[in-house]
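Below: one structure, written as C-alpha cells.
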Amino acid sequence: MRLHPLTSLAAACSTAVITTAAASLPLSLAVMGAAVVLSARGGTARRLLPAAAAVLLPLGLSLLVMHGLFFPEGRTVLAQWGVARVTAEGLAFALERAAQLGAVVLALLVFSFSVSVPDLVAVLPSRGVHGRFAFVLASTLTLLPAITSRVERIRQAQESRGLVVRRGVLHRAAAFRLQAVPLVLSLIEDAGTRTAALEARGFSNPGPRTSYRDVPDPRGQRVLRAALLAAAAAAVAARLLLTQAGS
Amino acid sequence: MSPSLTLPAPAPAAARKRRLLEILGAAAIAATYVYLVLNQPADITGGPGSASALIALSGFLVGAILLIVAVLPTLPASTVVLIPVALVLNIVLGQFVGSTLVPFYLDAIGTVLIAVLAGPAAGAATGALSSIVWSFFNPTVLPFAAGAALIGCLAGLAARHGMFRRLYLAPVAGFVTGIIGGVVSAPVAAFVFGGTSGVATGAIVSAFRSMGDTLLAAITKQALISDPMDKAIVFTVVAVLAYALPRRTRLQFPFVRRHRVLAGTSPEQGS
Amino acid sequence: MSAAHHSTETKPILSARIRSFTYHGEGLPVLEGIDLDLAPGTLTAVLGASGSGKSTLGRLLSGWLPPGTGGTLRGFLELAGSRLEFGGSGDPRINPAEWGRHVGFVPQDPAAVLSTVRGTVAEELAFGLENAALGRQAMKTAVEHTAGVLGLTELLEQNPGSLSGGQLRRLAIGCAIIAGPQVLIMDEPFASLDSAGTAGLARLLQDLVKLGTAVVVLSQVVDAPLLDAGTWLVLDNGKVTGSGPPAGLQAGAGLLPPGIRAAGGAPAPARDHTGAVHADTLLPRGGAGVPALELRGVCFGYGGGGRAAGGRTTRRRARGGSPAGDASAQVLKDINLSIKPGEVVAVTGPNGAGKSTLLRHFNGLLRPTAGDVLVHGRDIAGEPPGEAARSVGLLFQQPRDELFERTALREVCFGLDRLFHPGEAAGRALDALSAVGLSGAADAHPAELPASGQRLLALAAVLARKPSVLALDEPTVALDGGGLALLDAAVRSAAGEGAAVVLVTHDLDYARAAAHRVVMLDGGRLDG
C-alpha cells in the first residue's frame, strides 16, 4: 500500500516525539534499527545512511568527548588523566543522548528520503501559509542540485579566464568571494524573473485553487494519522505528569 | 463581471492579526527561555532529561511556527521567491563549514542577506524556515528555529538602522547579534542535545566542563565565544555581497529604498 | 490584410502611451515617447540593439515590471478596454495575475520561468490553471492541447529540470499561452535556435496570429520570420526612431540603427568588412612551425571515465549541449584538428552536436578519454585549466558567470598583475576595453551593462591577457550588430598578431563570413 505523504509525515513525527518523551535506551535503539530496516526495504538506504552518518557521527563524537572525558557530576571514575575523568555516568549519559538523537534523526530522515515531494506539495493546501511553505520547501529542494551545477559552471568560466585557486585560507576566501558574487547575483536576478513569471500565473491569487496531481487519501490512513498524533500527545502528557510527580 | 486589472489597497485588519501572531510567537520563545534558565532543571545531566528537552523543543518550535504563520502570508511574492534562494545559500555554506574543523557555522548568510534586502519580518521568517526545511536533511537543526528567526530579525533591524551603510559597522552589528542569538540558542543545545552538534564546538564546551561548569553554563560560554565571531563574519560577507550587487538590483527592494539600507543611493557608483 | 474578417481588427487589444519610464534611483529614463497599439491577429517586431530598452518595454507591457514597484511610469496602459493612468503618487497597482490572463510573456532566459515546485512538464504547464481553480478534466485537456501544439507531448511526464535549452523555450512558451492570452510578447525567441528550431517557432507564431493573437517579438536581429511582421517598431536608446511596415524600414533604406543585425549573423552595415577577412589577413605561411592548438584522436564520453579538472567527474547537465538522454554515449569520436597561429577556424554544427564539449577540451576543463590536446606542441594533460588559461583564452556563452568585479576596469585588470609588470597592467586593461568599445563604461558595474556589453567585457578580459589561442563559444548569441562588428575587429587583430582563433557557432553564414576555414561537428565527428 502506498502511504499518503501526510501519513508518513505523521508517523515520523510521532515516532520522534514518543522516543524523546520515553527517553529509554532500548526503545531508542529499537527505533533506530526499525528505521534502517524500513529504509533498506524502501530502497533508500544507500542515500539515507551517508546523510545520517554525516549528521550523527560528529554529534556522537562530540557527545562522547564532552561527557566521556569531562562530567563533573560523575561519581564512578573509570580512568583519569589530569583534568580528564572518564566516568560511568558520563559515558551512560553520552550513549543515552546519542541513541535518542539518532532515533529521532533516523525516523525523520526515513520520511524525507522516501516521500515524493511533488505529492507532499500537492496535498498541502496551495493557498495562504501552507501554500507558501510548500513553495519554499519544494523550491529549495529543486534549487539545491541546480545550484551545485551552477557553482561548477562559474568555476569553469573563471578558470578559463585564468583564475587559479591557490592553497591557503586567504586565497580560498578570495576565491570564495569571486565565485559567490556571480552566484548570488544571478540567483537574485533569476528570483526576480521567477517572481514575475509566478505572479503572472496567479501565484498570489486569493481565490480557491485546484490541483492537477491526484493523490488518493483513503479513509483508513486519515484515521491512522489521527491515532498517531493522539499517541504522540499522550506520550508528551505522560512524561510531563511523571516529571511533575517525581519532583 | 471579470476581476479587476488592479489590486485593492491592503486591509488594516489583516495587519492587526499579523501583529498579534508575531507577539504570541515572540512570547512563546521568551517564556520558554525564561522557564528553562530559571528552573535550570536538575535533570539535565542527572536522570532522563526528556521533560526539559520536550519543553525546549515545543516552546521554541511553537514560537517559530507562530512567527512563520504571522509573517509568511503577508510577505510580497518577490520575497517569498527569494527565500528558497537564501535557504540554499544557508544549507550549501552551512554543510560545507559544518564538515570542517572550524568552530563556526556560517549557516546564516542567506538569512542575513534576506533580512538586509527585505527587512526584519522577512529575515525572521527566513531564519525559522531555514531550520525547518534544512531539517529535511539534518533534523538536528530543527530545535534552533527560534534562534535562527531571532538572528534574521536582528539583522533586519540592524539594516534598518543603518548598520550596513558603512562596511566597518556590519561586523559590529553581527557581533552584538551573535551574543544575543548565542545566549538564546544555548538552552536548546544543552537540553535537547546535551552538548553541541559539531566536534570543534564540542571541544570548547569540554574545556569549560573540565573547569567544573554546569552543562548550560559551559554551552552558553561556548556560544559566547563562537556565535559573535561567527555572526560578525556572516554580516561582513553579506555586506560585501550586498555592495557587489548592481544598483538596479539593490533598489528593486522597497525596504532598501525606504530605509536607505545601503550607502550610495546617490547617482554615482558605490565603489 | 488577411485578418480583415476580424471585426476587432482596428480596435487594439493593448495600447501603451509611455511618456517616460525610469528605474528607481536612476536619473535618466530608459524609455521615452513610445506609442504602441497591438491589434488582434497581428505580428509586431520591436527591433533594437542591446540596451535599447526592448526588454524593459516587453516586461512593462506584460505586467512583469509593474509600474511603482519596478520604477516610475508616466503615461498610460490600456488593456481590453480599461485604461490605467500612471503619473506619480496614487498610481493604480497592476494585478499581475489578471494582466497575465490577457498578456503572456516569454523572457530571454526560459529556465527562469519554471515555478521550481512542479515535478513534471505537465504539472508545470498546469500551474497557472491550478491557481485559476480550473477543474482537473479541463486542465488535462488544456495541457494535452498545448503540449501537442508545441511538440511537448512526449515530454509531459519528464522533470522540467532535465529539458534541453530548446525544449525549455517551448515549455516557457507553453506556460505563457496555455491560458489563451490575447497578446503574446516574446523576448529574443530566436536567439541560439538552429535553423530547424527557428522554422518550428516561426510556424507556431503564424498559427497564433491566425487564431487572432497579437504577437510581439522583441529582437536585436532581423530574423527571417520577422520579415512577415505587419509592423516594425525600431527602438534606439529608449526612443522610437521608426515604425511602420517592414518594407519601408528594411536595411538599405538606412533607417535601422547599426546595432540591429540582419539575419545570418553578420552585422548589417559591416557585411563588407567581415567579408573581407580573407583579403586583409592572409593566412600565415603554411606548413612549417608548430600548430598553436592541436587535437590528436580526441574521444570523450560523459560518464565514460572522462576526468574533469580537480579530479572530480563533472556530471553533465542540459546547457546548450546535446539533449538529455544520451548521457552515457560517446560525445566526441576521434577528433583531429590542427590550427596554425594566425588562423581563424569556425566549428559549426546543429544544437547538441557536442560543440561546447569540444571547446572545454582546449584548456583542460574536460579531459579526453582518449587522445591528446597540445597547445604549442605541449601536452596540457597535467595542467590545471587556470594555468592553461595563460595561453588559451576561452569565452563561454554566459558572461554573467565570468564577471565578478564592481567596475568594468577592475574586471579586466583582474589577474593581469601576475602576467605583466604592475605598471603595464593598467595600460593593457584600458587598451582591451577600448578594443571592444567600452572605454566609456570603465566605471560601470559589469552586471548593469546590456547583454552585448557584458559579452564584450568578458572578451576584453580575455584579450588583455594576449592569449595565443582564443576560443569563443557562440559569439553571435547576445551580441548586437555593433558588438559583432567590434568582435570581428578584435578577432582579426588577435589573429593578425598571431593568435589561433576558434569560433564555435551554430550559425553557418557567420562561420563562413568570419573564418578562414569551416569545420563541421555532427554526431561527434568532425568533417571538413
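The values are calculated or read from the model by the stated rules, or taken from the named source; none is laboratory data. Note that the structure is a prediction, hence the values are computed from the model and not measured. So basically every Cβ, Gly included, is an ideal-geometry build from the backbone, and we count neighbours across all protein chains shown.
Got a number for residues in the range A:57-69 being farther than 17 Å from A:Ala88 by Cα and surrounded by fewer than 21 Cβ atoms within 10 Å (Cβ to Cβ)?
Of the residues in the range A:57-69, 1 are farther than 17 Å from A:Ala88 by Cα and surrounded by fewer than 21 Cβ atoms within 10 Å (Cβ to Cβ).
Could you tell me whether the range C:410-429 includes any residue that is under 20 Å from A:Glu189 (Cβ atoms), crowded, with 17+ Cβ neighbours inside 10 Å, in contact (Cβ under 8 Å) with a residue 24 or more places away in the chain and within 14 Å of chain A (Cβ to nearest Cβ)?
So the first thing to find is which residues in the range C:410-429 are under 20 Å from A:Glu189 (Cβ atoms), and the list is C:411.
Next cut, crowded, with 17+ Cβ neighbours inside 10 Å only: C:411.
Still in the running and in contact (Cβ under 8 Å) with a residue 24 or more places away in the chain: C:411.
Keeping just the survivors that are within 14 Å of chain A (Cβ to nearest Cβ) gives C:411.
Among the residues of the range C:410-429, at least one is under 20 Å from A:Glu189 (Cβ atoms), crowded, with 17+ Cβ neighbours inside 10 Å, in contact (Cβ under 8 Å) with a residue 24 or more places away in the chain and within 14 Å of chain A (Cβ to nearest Cβ), which makes the answer yes.
Only one of (1) under 25 Å from C:Glu411 (Cβ atoms); (2) more than 15 Å from the chain's Cα centre (by Cα) is not met by C:Arg512, so which one is it?
The single condition C:Arg512 does not satisfy is (1).
Quick check: is even one residue across the range B:120-130 within 19 Å of A:Leu106 (Cβ to Cβ) and assigned to a helix (DSSP H, G or I)?
no
Report yes if A:Ala157 is in a helix (DSSP H, G or I), more than 7 Å from chain C (Cβ to nearest Cβ), among the hydrophobic types (A, V, I, L, M, F, W, C) and farther than 18 Å from B:Ile83 by Cβ, otherwise no.
no
Hey, could you check the range B:174-188 for residues that are aliphatic (A, V, I, L, M) and in contact (Cβ under 8 Å) with a residue 40 or more places away in the chain and say which is nearest to the other protein chains (Cβ to nearest Cβ)?
Filtering first and then ranking leaves B:Val188.
Is there a residue being closer than 28 Å to A:Val115 by Cα and without any contact (Cβ under 8 Å) to a residue 60 or more places away in the chain anywhere in the range A:177-189?
So far as the range A:177-189 goes, yes, one or more of its residues are closer than 28 Å to A:Val115 by Cα and without any contact (Cβ under 8 Å) to a residue 60 or more places away in the chain.
Only one of (1) closer than 19 Å to C:Gln398 by Cα; (2) in a helix (DSSP H, G or I); (3) of a type in the set (A, V, I, L, M, F, W, C) is not met by C:Ala495, so which one is it?
(1)
Give the residue that is nearest to the other protein chains (Cβ to nearest Cβ), with candidates limited to residues of the range C:15-25 that are within 23 Å of C:Pro450 (Cα to Cα) and in a strand (DSSP E or B).
Here the residue is C:Tyr23.
Do you know which residues across the range A:18-56 are within 9 Å of chain B (Cβ to nearest Cβ) and hydrophobic (A, V, I, L, M, F, W, C)?
Result: A:Ala21, A:Ala22, A:Ala23, A:Ala51, A:Ala54, A:Val55, A:Leu56.
What about C:Ala389, is it touching a residue at least 60 places away in the same chain (Cβ under 8 Å) and crowded, with 21+ Cβ neighbours inside 10 Å?
Considered against the rule, which asks whether it is touching a residue at least 60 places away in the same chain (Cβ under 8 Å) and crowded, with 21+ Cβ neighbours inside 10 Å, C:Ala389 comes out as yes.
For (1) free of Cβ contacts under 8 Å to residues at least 40 places away in the same chain; (2) surrounded by 21 or more Cβ atoms within 10 Å (Cβ to Cβ); (3) of a type outside the set (Val, Ile, Thr); (4) in the same structural domain as A:Leu242 (by TED's automatic domain parsing), each residue gets a yes or a no:
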residue	(1), (2), (3), (4)
A:Ala10	no, yes, yes, yes
A:Cys13	no, no, yes, yes
A:Val17	no, yes, no, yes
A:Ala21	no, yes, yes, yes
A:Arg41	yes, no, yes, yes
A:Arg46	yes, no, yes, yes
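How about the range C:111-121: which of its residues are more than 7 Å from chain A (Cβ to nearest Cβ) and within 22 Å of C:Pro189 (Cα to Cα)?
Answer for the range C:111-121, where residues must be more than 7 Å from chain A (Cβ to nearest Cβ) and within 22 Å of C:Pro189 (Cα to Cα): C:Ala111, C:Leu114, C:Val121.
When you go through A:Phe203, A:Phe135 one by one, which is the residue that is in contact with a helix residue (DSSP H, G or I) (Cβ under 6 Å, 6 or more places away or on another chain), buried (at least 23 other Cβ atoms within 10 Å of the Cβ) and at the interface with chain C (Cβ under 9 Å from one of its Cβ atoms)?
Only one candidate qualifies: A:Phe203.
Where in the range C:149-267 are there strands (runs of 3 or more DSSP E), lying fully within it, with 2 or more residues that are surrounded by 22 or more Cβ atoms within 10 Å (Cβ to Cβ) and within 18 Å of the chain's Cα centre (by Cα)?
Counting at least 2 such residues, we get C:183-187, C:214-219.
Take C:Ala471 and tell me if it is at positive phi, outside any helix (DSSP H, G or I) and either under 26 Å from the mean Cα position of the chain (by Cα) or not polar (S, T, N, Q) (or both).
Taking the combined requirement at face value, the residue does not satisfy it.
Conditions (1) touching a Lys or Arg at 6+ places or on another chain (Cβ under 7 Å); (2) among the small types (Gly, Ala, Ser); (3) within 23 Å of A:Pro58 (Cβ to Cβ), marked per residue:
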site	(1), (2), (3)
B:Gly194	yes, yes, yes
B:Val205	no, no, yes
B:Asp227	no, no, yes
B:Val238	no, no, no
B:Gln252	no, no, no
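Which number in (1) of a type in the set (A, V, I, L, M, F, W, C); (2) surrounded by 18 or more Cβ atoms within 10 Å (Cβ to Cβ); (3) more than 10 Å from chain C (Cβ to nearest Cβ) marks the one condition that A:Leu170 misses?
Among (1) of a type in the set (A, V, I, L, M, F, W, C); (2) surrounded by 18 or more Cβ atoms within 10 Å (Cβ to Cβ); (3) more than 10 Å from chain C (Cβ to nearest Cβ), the lone unmet condition for A:Leu170 is (2).
So for the range B:147-159 (the condition being part of a helix (DSSP H, G or I), closer than 24 Å to A:Leu57 by Cβ and either more than 19 Å from the chain's Cα centre (by Cα) or among the acidic types (Asp, Glu) (or both)), does at least one residue qualify?
Of the residues in the range B:147-159, the ones part of a helix (DSSP H, G or I) are B:147-159.
After this cut, where a residue has to be closer than 24 Å to A:Leu57 by Cβ as well, the list is B:147-148.
Subset that is either more than 19 Å from the chain's Cα centre (by Cα) or among the acidic types (Asp, Glu) (or both): none.
Scanning the range B:147-159, I find no residue that is part of a helix (DSSP H, G or I), closer than 24 Å to A:Leu57 by Cβ and either more than 19 Å from the chain's Cα centre (by Cα) or among the acidic types (Asp, Glu) (or both), so the answer is no.
Listed here are the residues, each with its yes/no results for (1) touching a strand residue (DSSP E or B) at 6+ places or on another chain (Cβ under 9 Å); (2) surrounded by 14 or more Cβ atoms within 10 Å (Cβ to Cβ); (3) more than 28 Å from C:Asp401 (Cβ to Cβ).
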residue	(1), (2), (3)
A:Arg161	yes, yes, no
A:Glu199	no, yes, no
A:Arg213	no, yes, yes
A:Ala232	no, yes, yes
